[in-house]
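Note sheet for the following structure.
The values are calculated or read from the model by the stated rules, or taken from the named source; none is laboratory data. These figures come from a predicted structure and were not determined experimentally. All Cβ positions, even for glycine, are placed from backbone atoms using ideal geometry, and neighbour counts span all protein chains on display. Please note that ligands, DNA and RNA were not included when accessible areas were found on the heavy atoms of the full protein model with its side chains. Shrake-Rupley method; radii C 1.70, N 1.55, O 1.52, S 1.80 Å.
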Protein chains: 2
Amino acid sequence: MTKDIQNVEQEFLQYLKKMTSYNEAIGLMHWDLRTGAPKKGIEQRSEVIGMLSSEVFHMSTSDEMAVYIEELTNVEAEKVISEITKKAVEECKKDYERNKKIPAAEFKEFVILQSKAESVWEEAKEKSDFKMFQPYLEKLVTTSKKFLEYWGYEGNKYNTLLDMYEPGMTVEILDTVFGQLREKIVPLVKAISESQHKPVTSFLYEKFPKEKQRELSVALLKEMGYDFDAGRLDETVHPFEISLNPGDVRVTTNYNELDFRPAIFGTIHEGGHALYEQNISADLVGTNLCMGTSTGIHESQSLFYENIVGRSHSFWSRYYDLLKQHSDGQFDHVSVEDFYKAINESKPSLIRIDADELTYPLHVMVRYEIEKGLFNDEIEVKDLPEIWNAKYEEYLGIQPDNDAIGVLQDVHWAGGSFGYFPSYALGYMYAAQLRNAMIKDLPNFNSLLEEGNLIPIKEWLTEKVHQYGMLKKPLDILNDVTGEGLNVNHLIKYLEEKYHAIYQLS
Amino acid sequence: MTKDIQNVEQEFLQYLKKMTSYNEAIGLMHWDLRTGAPKKGIEQRSEVIGMLSSEVFHMSTSDEMAVYIEELTNVEAEKVISEITKKAVEECKKDYERNKKIPAAEFKEFVILQSKAESVWEEAKEKSDFKMFQPYLEKLVTTSKKFLEYWGYEGNKYNTLLDMYEPGMTVEILDTVFGQLREKIVPLVKAISESQHKPVTSFLYEKFPKEKQRELSVALLKEMGYDFDAGRLDETVHPFEISLNPGDVRVTTNYNELDFRPAIFGTIHEGGHALYEQNISADLVGTNLCMGTSTGIHESQSLFYENIVGRSHSFWSRYYDLLKQHSDGQFDHVSVEDFYKAINESKPSLIRIDADELTYPLHVMVRYEIEKGLFNDEIEVKDLPEIWNAKYEEYLGIQPDNDAIGVLQDVHWAGGSFGYFPSYALGYMYAAQLRNAMIKDLPNFNSLLEEGNLIPIKEWLTEKVHQYGMLKKPLDILNDVTGEGLNVNHLIKYLEEKYHAIYQLS
């Protein structure tokens, strides 16, 4: 019996290996499409991606998979199989059940709808024409609601969507933490807007040669502990990180010669994601656990580096000279103090991806409130532009002139991704909470930054977060590392201290 | 019945599409490994490649494939299915039979042996130690001989190996053409070595900045008609061309700042391969016929561009100014005449890949004679160094000091590739024969080069060769285009005229 189970375990692991191999090939094709694949090959490449993706989907819902799940999830089997296998089967089971519950024809229709909706959205955004996109969004929401009925839910319906990106996350938790956060941020944003001590930022917009930005990006990634023997840096329109396996975790950035910030902070941000993936335990390679555990925890790693490290005074007290060496003299007459303040300028804006550290969570909350309303039948798609604008007025005190820079700005809904947005704000909260725990273990945190000794920071994150991949759920990581559940006060305290100082608020 | 066969045909084409999709993914992974994949990801990437390759191999020998072959290769079916399907099944059948004849365990052992032999060869070459490599080469030859027995052969045993790379090629044909060629080349090489009119070449070795070589490479590829919307140029240690699909055919080159020739002629050479693949008929995409028909015909396209176009006087009378514009002044005092002679300098050398146009076929013949002897039990592996050196003395009048620059110089045998080398020389013969036919259709061939109007040349090759992919066999292409079988006299005439003029031989 035991022998049999061990055989099944080995076969199952081999089966998983095949699935992850296919996913690695798909990942490389995606990377290639975004980093310079010739345009005439794209149509054919998309077919290849589709072919391999179908195969992976098929494998995740096959009768073979059903047998593995059955044979490996029972008391007898669990005595014999490894902890890793146990978790791997658990994830397979979750996927199997989720995918099997949707009738194949309906799923296929949804995939086609997504793809159409994305092209329509692109055009609608260009023309700032919400009406054009409305029927597609309606269909996407209706279909997702139907899927929700197939999947089932506990408590709020929207919980099931949240759980897809952030296992264990609920409306109850989010309502609480977002409420607390908003209560503190809104007045802070207002106080800043009334402050007399606004940073000078004009020097940020001088010409910074692209090749020098690239060199600086490479240098900073190395400082962070990004391993170039297990990755590479390329240029794309939108920066991203992609992990093919822990030995091949690639990042990209985008260079704007009249504003170095997108490239440098983009690089640091993606570098944070990459450190997570490069440092997942080798034991998990070839399994479905060899990736970051959730979008929120992933975002906590990128935001930790981008903001807590990369937008800190300590960091720039060390690296400002390096920046100056690469620039064309634009900072020669700017003190590190003024530089620090400039890169932390905060003011309400309309576009989420351009928002500063302080106002960013408010952009996320607008989307969260809307999604929650949609899936609880409290909001209708046709009213979205009006609701969007009203929420922006309420949270940020400004309103878009048109829907292109309003409700149509993000691609997520066109892709049928509902429940994703909250992860962005959760990432901030997790990051601040991790910072609090890290400072207990590394009380010299600021000195480390000032000395340019970033490796102990990476090692701490690897020990506490990275190595586990999907072995631990997000809230378990939080509990194990910080000794408490999600606690937004760490983020509030961090933001208040930082912005009070910068804007000299009383 | 007809309806049934049409269904089978559609299913078969879908099956093929899956195989070609997997091959495209494998191709991209190979390209990526050679253009900058991080080294720590290589081991895992190799496993992914292995996984997908096994799948393709499995599909080519599956029971499903056997059924397709049976149902689509009979008189009834052939009345119904398309010409393309007919040829596609034919190729599948060939692969099926070849692969099925080898017992799985023996094939697997051979794959492992190949991989081991390549690493041993690498070390043996480094140490110039043939004895170290000898047992592996012996095993490779023995195993290949055993496979030959499984496969069977007509006439000379070596024919079966030739046929794998150059369908229809035989020892009988090669002995004749190689004999004729050698008879003319050997005295020509001797006459050149005694000529008083040797080109001056010192100016070739001045610094030519890498970035400028790259720009020139791009410009020349565009002139040739290489479509950058269906390809890209990257840098690698050894230049190569790889076709993922006709809309994505990539080339690479290598830059040496103290000798621009490897980059420029490497680019033109790979560009010639790429034009072939970019211009295969769209009807063949997704089938196993969507690739060049043989290694020899492929090589004819690259050599046509590299030598017949790229090393001609007419070509440089047009493009010498372009070269000068990119260089750092190294050609300012060099006439186009002297430049033309310098890039066509011919002298016996030891390394095949560095050989000039005239002596290159002699290097190939040495290898051909040895392979033929090995598979007809006339030569033993242990005697190879001695035989190699004697053949070089006989054909080229020089001998290597050590085996690293002698019998150990090429990787082919370590990879178990026997029968491949002759393709290189066949490429020369085909190219010259195509040139002869082209000049009949385009009597202004030289003027086209002088005017920089290379497109009619590409179009002629597309019409006669490229479009067919594997729909036509190499010797059929030759017959259809030139009205005769392989005829080495065209190459002889071309070489004699060219080198008589350059070296002012009587």
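Structure above, values below:
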quantity	calculated
Integer Hz, Karplus 6.51/-1.76/1.60 couplings in order for the stretch A:9-23, x for Gly and Pro	4, 4, 4, 4, 5, 5, 4, 4, 4, 5, 4, 5, 4, 4, 5
Net dipole in debye of the protein assembly as shown [+1 Lys, Arg Cβ; -1 Asp, Glu Cβ; about Cα centre; nearest 20]	640 debye
Degrees between helix A:455-464 axis and first principal axis of chain A (Cα, 0 to 90, nearest 10)	30 degrees
10 Å Cβ neighbours from other chains, averaged over peptide A:24-37	4
Part-to-part distance (alpha-carbon centres) for the stretch A:254-305 and the stretch A:445-474, which is given in Å	13 Å
Amide H partners (placed H, <5 Å) of A:Leu350, local residues excluded	none
Cβ crowding within 10 Å averaged over residues, with B:468-474, A:7-13 ranked highest first	B:468-474, A:7-13
Fraction of accessible area attributable to carbon and sulfur, the stretch B:2-101 (%, probe 1.4 Å)	48 percent
Calculated from backbone phi, Karplus (6.51, -1.76, 1.60) coupling profile of the stretch B:372-378 in Hz, x at Gly/Pro	4, x, 4, 7, 10, 6, 9
Intensity falloff of the stretch B:2-101 expressed as log10 I(q)/I(0), Debye formula with alpha-carbon point scatterers, at q = 0.13, 0.24 Å⁻¹	-0.54, -1.20
Partner chain coverage, peptide B:244-253 - average Cβ within 10 angstrom	4
Chain A, helix-only ellipticity at 222 nm - DSSP H runs n ≥ 4, -39,500 (n - 2.57), divided by all residues, nearest 500	-20500 deg cm²/dmol
Mean accessible surface per residue for the protein assembly as shown, computed with a 1.4 Å probe while every protein chain stays in place, in Å²	42 Å²
Shape call, the stretch B:128-185: gyration tensor on alpha carbons, a/c limit 1.5	oblate
Förster radius 56 Å - calculated FRET efficiency between A:Asp476 and B:Ser314, Cβ distance, rounded to 0.05	0.15
Average beta carbon contacts from partner chains per residue of A:224-234, 10 Å cutoff	2
Acute angle (nearest 10 degrees) that the helix A:130-151 long axis makes with the longest principal axis of chain A, alpha-carbon atoms	50 degrees
Rounded to the nearest 10 Å², the accessible area of B:Leu449 at probe 1.4 Å	0 Å²
Loop-located chymotrypsin sites (Phe, Trp or Tyr not before Pro) in the stretch A:312-415, at most 14 other Cβ atoms within 10 Å (DSSP)	none
Apportionment of accessible area to carbon and sulfur, the stretch B:197-316, percent (1.4 Å)	52 percent
Heavy-atom accessible surface that B and A bury in contact, both chains counted, 1.4 Å, Å² to 100	3100 Å²
The stretch A:358-424 versus the stretch A:99-120: alpha-carbon centroid distance in Å	23 Å
Efficiency of FRET from Cβ geometry, B:Ile439 and A:Ser54, R₀ 56 Å, rounded to 0.05	0.65
Inter-copy spacing of B:Gly329 label points, which lie 7 Å from Cα along Cα→Cβ, given in nm from shortest upward	2.8
Packing rank of B:109-122, A:454-467, where each peptide gets the mean count of other beta carbons within 10 Å, highest leading	A:454-467, B:109-122
Summed residue charge, Cβ within 13 Å of B:Asp259's Cβ, Lys/Arg positive, Asp/Glu negative	-1
Axis-nearest residue in chain B [Cβ, rotation onto A], distance in whole Å	B:Ala25, 2
Amide proton proximity set for A:Glu235, modelled H, under 5 Å, gap of 5+	A:Thr253
Angle in degrees between helix A:313-326 and the longest Cα principal axis of chain A, rounded to the nearest 10	80 degrees
Area accessible to solvent at B:Cys290, 1.4 Å probe radius, in Å²	20 Å²
Label spacing, shortest first and in nm, from A:Glu451 to its equivalents in the remaining copies (7 angstrom along Cα→Cβ)	7.4
Cβ-vector label at 7 Å, B:Trp151, separations to other copies in nm	5.4
Potential extension, A:Glu123-A:Glu380 segment - 0.36 nm per residue separation minus Cα distance	90.3 nm
Charge dipole of chain A about the Cα centre (unit charges at C-beta), most positive-ward option of A:Ile26, A:Ser335, A:Ala219	A:Ser335
Compactness of the protein assembly as shown, expressed as Rg and Dmax over alpha-carbon positions, Å	32.9, 99
The stretch B:31-60-the stretch A:233-250 distance, computed between alpha-carbon centres (Å)	18 Å
Share, in percent, of DSSP beta bridges within the protein assembly as shown that are antiparallel, nearest 5	55 percent
